[in-house]
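Visitor: I'd like to ask you about the structure that follows.
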Amino acid sequence: MSAYTDKIKKIAGRLLQECRVDMIIGFRKGSLPMMNEPCFIKNPADVDKLVWDSNCGINLANYVTDRKEKIGIIAKGCDSRNLVTHIIENKIKREQLYIIGIPCQGMIDRRKIAAQFQQEIETVGEQGDKITIAGGGASQTLTKADVIQENCAVCIHRNPVIYDELAAELVEEQKDVDRYAEVRQVEAMTPAQKWQFFEELLAPCVRCYACRNACPLCFCPTCFVDESRPQWVGKTLDPIDTRTFHFLRAYHCAGRCTDCGACQRACPVNINMRAFTKKLEKDAFELYGWEAGLSLDVRPPLDTFKPNDPEDFIK
Amino acid sequence: MKVLKIDKKDWAGGIQKAHKAYRLYGPVQVKDKGFSEFQALGPDAMPDMTATDTRLSPKSIAFPPQEVMMVFTTDENSELCNQMQVPQKDYAPRAIIGIRPYDAAAFLLVKKNFDTPEYRDPYWCDAYEACTFIGLAVNTPSALDFSTSTKSGPFDENGLDVLLVDTGNHYLAKILTDKGAAFAKSAAWETEAGAAGEKQIAELKASAEKQIRATVAFDNIQRQSIMSLYEADFWEEVAFACINCGTCTYVCPTCWCFDIQDETHAKCGKRMKTWDSCMYPLFTIHTTGHNPRGTKVQRVRQRFMHKLKYFLDKYEDGIMCVGCGRCIRSCPVNIDIRKVCDIMNSYSAGADTCALKK
């Protein structure tokens, strides 16, 4: 991973020095193990702060929304797909971006690791496909594949889909992954079982909306749950309001979600809201052969209409 | 006050007895989640005294995420038509078992806001006064615990009625108030530990405080003017990573902001108090549509200025933070209040200008 970091610093330094960009958006080392902090760098002297490792799970596309500067941005596969979505949804212009592509090898799930270690984790190191955690006088070595985020484990777009320059050689994409095993499990349930499944899934929700705010797709100037004149959705923990929020948000992401995992990663009470978005991703794929954020030249299926649409209701 | 010794073999029996006189709350492992929360304990449930920390703080015991303040009807056939009624509330004695000293200290900070000479929030105050705080000292502070830098600490007694100390096979219970003595009586804790008990507590306390590695300082924040910190040039950088998710305010034991909402159904309605957060644009938007804190940077600045400057100046009794470290652990983008406090404390207004003039 240090090779990635070195290359990123080099590219970032060059871009700033040559005034190709006004700022670089990337990650700096966090104050906790397994955490890095999104940051911007404007001065070439500060590029040494930039880091890259398996703790860069935050989707940086979130940080370019409506910005006016010329930006150099570090983008792994999912970030690049969200940049594509941002560009086709007019949240940033392609010309404003210099995309430093990062072939990604999966991001580690800090909660999964914390759950496997009895002591408080003090340091986490990675060497190839091994993760070594230490703390409280004990240490343990884990295989990275066992502790990466669930969305990374089923990702088939690890390489950036658009970039101006790469920080490393492209990696081999994962093949033969079963992307929708969990969705099929839910689909196979009876209505009563589904009801119970979703009720339990959402029971811990505290309505903080961290999932929405972490999501690079959620850039509406005023979210429907924040509409106050008139108010659309109740503010309490009433289960109907909580479901309304999650269902509507998920549908709003249909055909746009890249399964970057930002929502699940941000949730303070560990709700897997990907149970919703994954189903809609599957539907978009099966109904329209569509995967979000792969091309700048094709409009997403839910914002296009063709006169020969086979459905009667729309004619 | 005296120190009692409780054999762990008798612990469950004592809690069972206390159940008869109190509604008990304590940390409970949340199924399949890998974290604990404070919950009301059922008749047979025991508090999980091994839980290192709870995900959310126990502030919800006096400040629930949502609470009915009043009910009303617009039904003209009812004699209560168009009258606000306070619903029946249960303020029977409750006890929070295993609350950590920093969380108890947080109740005292929140009290400054809800119980003032001018105003008294009856919902929070009545619930608070119904509580007996049975604290559990922190023998092994986490790496994020900086409670000794605030007005708390791993063995701090402020805000507690009893301080329990885990010594392996026993708990030592230091009785701090009459409320604490009444709880000990209801749990039939009687065996006195004497001077040896006090000595053991002092030793464990010294060892715990020595283990704390994280610190913050705010002496210089106190000396700075509000406007110089407010207008400082570091806020854009501090706020950049923030996604305004509000998680920090939800997990914080000292954040007390709330919203009031009327929920109506047909002709009946409830006036609700719900948690709110300064991280949300909706928090400050005016009916005109104008928002005085319309940007992320303004909101992030507000959170830290309130905790580390406005509160400090207003009460002259420390910062609005007890050093539990929850916001640091829960922040999805690693915004660290210790770092921000350090940036604010080491800031010196006009330093750059002076350097330029030279």
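Visitor: Give the average, rounded to an integer, of partner chain Cβ atoms located within 10 angstrom of each Cβ in B:222-230.
Guide: 0
Visitor: Shape call for chain B from the C-alpha gyration tensor, a ≥ b ≥ c root eigenvalues: rounded (a/c under 1.5), prolate (a/b greater than b/c) or oblate?
Guide: Values: a/c = 2.18, a/b = 1.15, b/c = 1.90.
Cα axes put chain B in the oblate bin.
Visitor: Placing +1 on the Cβ of each Lys and Arg and -1 on the Cβ of each Asp and Glu in the protein assembly as shown, which of A:Leu166, B:Gln85, B:Gly318 has its Cα farthest towards the positive end of the resulting dipole?
Guide: Going by the charge dipole, the pick is B:Gly318.
Visitor: Now, a different point. Based on the alpha-carbon gyration tensor of chain A and its eigenvalue square roots a ≥ b ≥ c, which shape applies: rounded if a/c is under 1.5, prolate if not and a/b is larger than b/c, or oblate?
Guide: oblate
Visitor: Now, a different point. Sequence-distant or interchain residues sharing an amide H contact under 5 Å with B:Ser36, placed H: which?
Guide: Answer set, sorted by chain and number: B:Val30, B:Arg55.
Visitor: With the dipole of the protein assembly as shown worked out from charges on the C-beta (+1 for Lys and Arg, -1 for Asp and Glu) around the Cα centre, which of B:Gly197, A:Gly57, A:Cys263 lies farthest toward the positive end?
Guide: Among B:Gly197, A:Gly57, A:Cys263, the one farthest towards the positive end of the dipole of the protein assembly as shown is B:Gly197.
Visitor: Restricting things to alpha carbons, find the Rg to Rh ratio for region B:52-110 using the Kirkwood radius for Rh.
Guide: Values: Rg = 17.4 Å, Rh = 14.6 Å.
With Rg and the Kirkwood Rh in hand, the quotient comes to 1.19.
Visitor: How far is the Cα center of region A:82-100 from the Cα center of region B:288-326, in Å?
Guide: Cα centres, region A:82-100 to region B:288-326: 34 Å.
Visitor: Also, quick follow-up: Could you work out Rg/(2.2 N^0.38 Å) for region B:219-357, with Rg from alpha carbons only?
Guide: Compactness ratio reported: 1.21.
Visitor: Straight distance only, please: which aspartates and glutamates reach the Cα of B:Lys210 with their own Cα at less than 18 Å, same-chain residues fewer than 8 apart left out?
Guide: B:Lys210 reaches A:Glu120, A:Glu122, B:Asp145, B:Asp156, B:Glu157, B:Asp166.
Visitor: Hey, which of these cross-link pairs are over 28 Å Cα-Cα: A:Lys278/A:Lys306; A:Lys235/B:Lys309; A:Lys144/B:Lys205; A:Lys112/B:Lys5; B:Lys174/B:Lys309; A:Lys175/A:Lys282?
Guide: A:Lys235/B:Lys309; A:Lys144/B:Lys205; A:Lys112/B:Lys5; B:Lys174/B:Lys309
Visitor: Just to be sure I understand: of the beta bridges DSSP finds with both ends in chain B, what percent are antiparallel, rounded to 5?
Guide: Values: 33 of 46 bridges.
That works out to approximately 70 percent antiparallel.
Visitor: Once you average over the residues of B:238-251, how many Cβ atoms of partner chains fall within 10 Å of each Cβ? Walk me through the numbers before you get to the answer.
Guide: On the way: counts 0, 0, 7, 11, 3, 14, 5, 10, 7, 10, 3, 1, 6, 4.
Other-chain Cβ atoms within 10 Å of each residue's Cβ, averaged: 6.
Visitor: In whole angstrom, how far apart do the alpha carbon centroids of region B:114-151 and region A:202-220 sit?
Guide: Between the Cα centre of region B:114-151 and that of region A:202-220, the gap is 29 Å.
Visitor: Oh, and also: Give the average, rounded to an integer, of partner chain Cβ atoms located within 10 angstrom of each Cβ in A:227-237.
Guide: Average neighbour count from other chains, rounded to a whole number: 4.
Visitor: Using DSSP to define loop residues, name the trypsin sites (Lys or Arg not before Pro) in region B:69-169 whose beta-carbon has at most 15 other beta-carbon atoms within 10 Å.
Guide: In loop regions of region B:69-169 (DSSP not H, G, I, E or B), the sparsely surrounded trypsin sites (Lys or Arg not before Pro) are B:Lys89.
Visitor: Of B:Leu308, B:Leu229, B:Gly294, which is farthest on the positive side of the dipole of region B:219-357, counting Cα position, with +1 on Lys and Arg Cβ, -1 on Asp and Glu Cβ, and the Cα centre as origin?
Guide: Final value for the positive-end residue is B:Gly294.
Visitor: Tabulate in residue order the Karplus-calculated ³J(HN,Hα) for region B:78-94, using 6.51 cos²θ - 1.76 cosθ + 1.60 with θ = phi - 60°, rounded to whole Hz; enter x for Gly and Pro.
Guide: With coefficients 6.51, -1.76 and 1.60, one gets 8, 6, 9, 3, 6, 10, 7, 10, 7, x, 4, 10, 9, 10, 5, x, 10 Hz.
Visitor: For A:Lys279, which aspartates and glutamates qualify as cross-link partners when the Cα separation must be under 18 Å and same-chain residues fewer than eight apart are set aside?
Guide: Of all the aspartates and glutamates, those that pass the test against A:Lys279 - Cα under 18 Å, at least 8 places apart if same chain - are A:Glu150, A:Asp178, A:Glu182, A:Glu187, A:Glu199, A:Glu200, A:Asp259, A:Glu291.
Visitor: ³J(HN,Hα) across region B:13-22 via Karplus (A = 6.51, B = -1.76, C = 1.60, θ = phi - 60°), whole Hz, x for Gly/Pro?
Guide: Couplings: x, x, 5, 4, 5, 5, 3, 6, 9, 9 Hz.
Visitor: In terms of modelled amide H atoms, which long-range or inter-chain residues lie less than 5 Å from the amide H of A:Lys76?
Guide: A:Ile102
Visitor: Loop-only check: which GluC sites (Glu not before Pro) in region A:1-94 are DSSP coil with at most 10 other Cβ within 10 angstrom?
Guide: Listed in order of number, the matching sites are A:Glu18.
Visitor: Given +1 on the Cβ of Lys and Arg, -1 on the Cβ of Asp and Glu, and no further charges, what dipole in debye does chain B carry about its Cα centre, rounded to the nearest 20?
Guide: Rounded to the nearest 20 debye, it is 580 debye.
Visitor: Next question, about the same structure. In region A:155-261, what GluC sites (Glu not before Pro) fall in a loop by DSSP, with at most 16 other Cβ atoms inside 10 Å?
Guide: Working: sites: A:Glu165, A:Glu169, A:Glu172, A:Glu173, A:Glu182, A:Glu187, A:Glu199, A:Glu200, A:Glu227; in loops: A:Glu169, A:Glu172, A:Glu173, A:Glu227.
Answer in residue order: A:Glu169, A:Glu172, A:Glu173, A:Glu227.
Visitor: What percent antiparallel are the DSSP beta bridges of region B:3-211, to the nearest 5?
Guide: 60
Visitor: Charges at C-beta only: +1 for Lys and Arg, -1 for Asp and Glu. How large is the resulting dipole of the protein assembly as shown about its Cα centre, in Debye rounded to 20?
Guide: The dipole of the protein assembly as shown has a size of about 820 debye.
Visitor: Over the residues of region A:178-315, compute the C-alpha Rg and express it relative to 2.2 N^0.38 Å.
Guide: 1.13
Visitor: Sort B:64-75, A:135-146 for me by packing, meaning the mean count of neighbouring Cβ atoms within 10 Å per residue, highest on top. Don't jump to the answer; show the numbers that get you there.
Guide: Numbers: B:64-75: 16.8, A:135-146: 13.6.
Order by mean packing, descending: B:64-75, A:135-146.
Visitor: Right, here's the next one. Under 20 Å between alpha carbons, and skipping anything fewer than 8 positions from A:Lys10 in its own chain: which aspartates and glutamates qualify?
Guide: Here the aspartates and glutamates satisfying the reach criterion relative to A:Lys10 are A:Glu18, A:Asp22, A:Glu37, A:Asp46, A:Asp48, A:Asp53, A:Asp164, A:Glu165, A:Glu169.
Visitor: Would you mind estimating how fast region B:3-211 diffuses translationally, via Stokes-Einstein at 25 °C and 0.890 mPa s with the Kirkwood radius over Cα pairs, in µm²/s? Display every interim value, and only then the final one.
Guide: Numbers: Rh = 18.4 Å.
It diffuses with D of about 133 µm²/s by this estimate.
Visitor: Let me ask something else about it. Expressed as a whole number of Å, what is the distance separating the alpha-carbon centroids of region B:12-68 and region A:24-53?
Guide: The distance from the Cα centre of region A:24-53 to that of region B:12-68 comes to 39 Å.
Visitor: Mind ordering B:37-43, B:160-166 by average Cβ neighbours within 10 Å, highest first? Show your work: numbers first, answer last.
Guide: Numbers: B:37-43: 16.0, B:160-166: 23.7.
Descending packing order for the listed peptides: B:160-166, B:37-43.
Visitor: Separate question: Restricting to bridges with both residues inside region A:75-201, how much of the DSSP beta-bridge set is antiparallel, in percent to the nearest 5?
Guide: Rounded to the nearest five, the antiparallel share is 80 percent.
Visitor: Can you list residues from other chains, or at least 5 along the same chain, whose modelled amide H is less than 5 Å from the amide H of A:Leu166?
Guide: Long-range HN contacts for A:Leu166: A:Gly101.
Visitor: Additional query: Any idea what the dipole of chain A comes to, in debye rounded to 20, about its Cα centre with Lys/Arg Cβ at +1 and Asp/Glu Cβ at -1?
Guide: Result for chain A is approximately 620 debye, rounded to the nearest 20.
Visitor: Using θ = phi - 60° and the Karplus curve 6.51 cos²θ - 1.76 cosθ + 1.60, what whole-Hz ³J(HN,Hα) does each residue of region B:158-167 get, with Gly and Pro shown as x?
Guide: Per-residue couplings from phi come out as 4, x, 9, 9, 9, 10, 8, 10, 7, 10 Hz.
Visitor: So, one more: Where is the GNM fluctuation largest for chain A (alpha-carbon springs, 10 angstrom cutoff): A:Gly106, A:Gly289, A:Gly26?
Guide: A:Gly289
Read-outs throughout are calculated quantities, based only on the coordinates presented, and are distinct from any laboratory measurement. Please read all numbers here as calculations on a predicted model, not as lab measurements. Glycine gets a Cβ as well: all are built from the backbone with ideal geometry, and neighbour counts include every protein chain shown.
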